[in-house]
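Colleague: Pasting a structure below so you can have a look.
The values are calculated or read from the model by the stated rules, or taken from the named source; none is laboratory data. The structure displayed is predicted, hence computed values, not measured ones. Cβ placement follows ideal geometry from the backbone for every residue including glycine, while neighbour counts extend to all protein chains displayed. The protein model used for the area step is the full one, side chains on, heavy atoms only, and it has no ligands, DNA or RNA in it. Shrake-Rupley method; radii C 1.70, N 1.55, O 1.52, S 1.80 Å.
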Amino acid sequence: MRYSFITELAAPGRKVPVRACDPESAPVWLFASIGEYPVYDDVAYEVMIKDERRMSRYAEAVRRYAPGRTVLDIGTGKDAVWALAAARAGARHVWAVEVIPKSARIARETIEEAGFADRITVVEGLSTEIELPEPVEMCVSEIIGTLGGSEGAGSVLRDARKRLVKPGGVFIPHRSVTTAVALDLGSAGRGEPLGFPPFVFRYVEEVFASVGRPFDLRVVLEGLQDNPKVRERSYLSGPVEVEPLEFNGDLDPEGIDGAELTFTAEGEFSGLALGVRLWVAEDDEPIDSLVQSSSWTPVYAPLAEEGLPVRPGDRFTFDFTTTISDDGVHPDYALTGELHRAGVPAVTLSWSSTHHGDGFRATPFYRSLFPGPGGP
Ligand SMILES: C[S@@+](CC[C@H](N)C(=O)[O-])C[C@H]1O[C@@H](n2cnc3c(N)ncnc32)[C@H](O)[C@@H]1O
């Protein structure tokens, strides 16, 4: 059975051919990683509000730390959930910052309706560009990306620590890491090339519009994290951690992290599934997007279009590099590694994913996703 078909979507100034799929019949399908662009809509906010694990961990941490403190809520969103939770828990005053004007306006209305306009001040703008009358005692934010730092948490919260939060102030969340497992994409998708369901097109179009051109945007795999059968047939290794971000400690948003994956299953190694582990409070069990149903979905990092045969005991060693892009906030990611298999020369494999794009249809994976006139 074929799940995918070719159609078109809109990019600035032109139409772009795209591979689409029917999510009802495709075992896994693609979405755009959208959190790093100002394209949040009601649906995106609702997915986060319905993520019970995320909501309960944050609610508990806010209830624990907000009483009696002054609070900064970075990225309050249209529902101002953590600003309201902090005020209800007894925060002395909350500054709720939101960069999307429509979301800031709705947040202000929601706060007025809830009767907290005297205790919560909504500030429209980027936290990195605002000033507060005085530094606060606690900062809550949920700007954790599909890769831990991809929404700019590292740079944004380092700036907040320097300018907006008192020394010793509490940060929620506590820490995040990006995680990686080796993936057999052919097994996950039952051999069919992956595509976007048509309802995803408008998000891809908005990401292209916000960057000003089509590019090989970061994609996430739907149908993987919450389906043990799909995970079992497609995850070829246990997870490793890279990109550690210590929000209550030494916070360095850039770096090179070395890691080694050991294959535990036989299969065709095509790339990595990259996820996030998030400790909302220090003593929490982390939220783990590679193995739990979550509003964070695993990113696909393609490495070898024709999956490379691997066996248990083979290894993939790699360096994972995070560099802040020229917008000063969002990271560009790159990964280079060597696949070591018994009796076969080592193979060098690499992947890169920039925030605002330096190539379109640059690799076989993206030529299949955005087929050109000459075909994939
Ligand atoms: C993932 S949503 C979280 C919304 C809400 N806080 C929640 O947890 O449900 C992130 C929000 O942060 C906003 N945002 C991201 N970075 C920001 C920054 N540096 N300053 C202000 N708003 C920011 C986005 O526009 C978006 O509304």
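Colleague: Residues E285, E246, E268: which one is surrounded by fewer than 21 Cβ atoms within 10 Å (Cβ to Cβ) and either within 23 Å of L308 (Cα to Cα) or touching a His at 6+ places or on another chain (Cβ under 7 Å) (or both)?
Modeller: Of E285, E246, E268, the one residue that is surrounded by fewer than 21 Cβ atoms within 10 Å (Cβ to Cβ) and either within 23 Å of L308 (Cα to Cα) or touching a His at 6+ places or on another chain (Cβ under 7 Å) (or both) is E268.
Colleague: Ok, one more. Can you tell me which residue is nearest to I144 (Cα to Cα) among those in the range 247-280 that are over 19 Å from the mean Cα position of the chain (by Cα) and outside any strand (DSSP E or B)?
Modeller: Going through the qualifying residues, I end up with N248.
Colleague: Return the pairs, sorted by first residue and then second, in which the second residue is among the hydrophobic types (A, V, I, L, M, F, W, C), the first residue lies in the range 323-348 and is within 15 Å of R218 (Cα to Cα), the beta carbons are less than 6 Å apart, and the residues are 6+ apart or on different chains.
Modeller: Sorted first by the residue in the range 323-348, then by its partner, the pairs are P331/I324; L335/F318; L335/F320; L335/W351.
Colleague: If you don't mind, another one. Just to check your reading of the model, which residue among V99, V62, V28 is of a type in the set (A, V, I, L, M, F, W, C), touching a strand residue (DSSP E or B) at 6+ places or on another chain (Cβ under 8 Å) and assigned by TED's automatic domain parsing to the domain that holds K229?
Modeller: Going through V99, V62, V28 in turn, the sole match is V28.
Colleague: Still on this structure, I have one more. Of the conditions (1) assigned to a helix (DSSP H, G or I); (2) more than 16 Å from the ligand (Cβ to nearest atom); (3) under 30 Å from F316 (Cα atoms), E192 clears all except one; give me its number.
Modeller: (1)
Colleague: Would you list the helices (runs of 4 or more DSSP H) that sit entirely within the range 48-118 and hold 2 or more residues that are open to solvent by less than 40 Å² (accessible area, probe 1.4 Å) and more than 30 Å from D283 (Cβ to Cβ)?
Modeller: Qualifying helices (runs of 4 or more DSSP H): 101-113.
Colleague: Further, regarding this structure: For the range 326-338, indicate whether the set of residues that are touching a Lys or Arg at 6+ places or on another chain (Cβ under 9 Å) and away from the ligand (no atom under 16 Å from the Cβ) is non-empty.
Modeller: Yes: the range 326-338 contains one or more residues that are touching a Lys or Arg at 6+ places or on another chain (Cβ under 9 Å) and away from the ligand (no atom under 16 Å from the Cβ).
Colleague: Taking the range 1-47, which residues are surrounded by 18 or more Cβ atoms within 10 Å (Cβ to Cβ), within 16 Å of the ligand (Cβ to nearest atom) and modelled with pLDDT under 95?
Modeller: Across the range 1-47, the qualifying residues are V39, Y40.
Colleague: Another question, then. Which one of the conditions (1) closer than 18 Å to Y45 by Cα; (2) at pLDDT below 95 does L194 fail to meet, given that it meets all the rest?
Modeller: Every listed condition holds for L194 apart from (1).
Colleague: Residues of the range 271-308 being under 17 Å from V230 (Cα atoms) and of a type in the set (V, I, T), which ones?
Modeller: Passing the criteria: V291, T297, V299.
Colleague: Being open to solvent by 30 Å² or more (accessible area, probe 1.4 Å), outside any helix (DSSP H, G or I) and among the charged types (D, E, K, R) is the filter here; which residues of the range 197-219 pass it?
Modeller: The one that is open to solvent by 30 Å² or more (accessible area, probe 1.4 Å), outside any helix (DSSP H, G or I) and among the charged types (D, E, K, R): R213.
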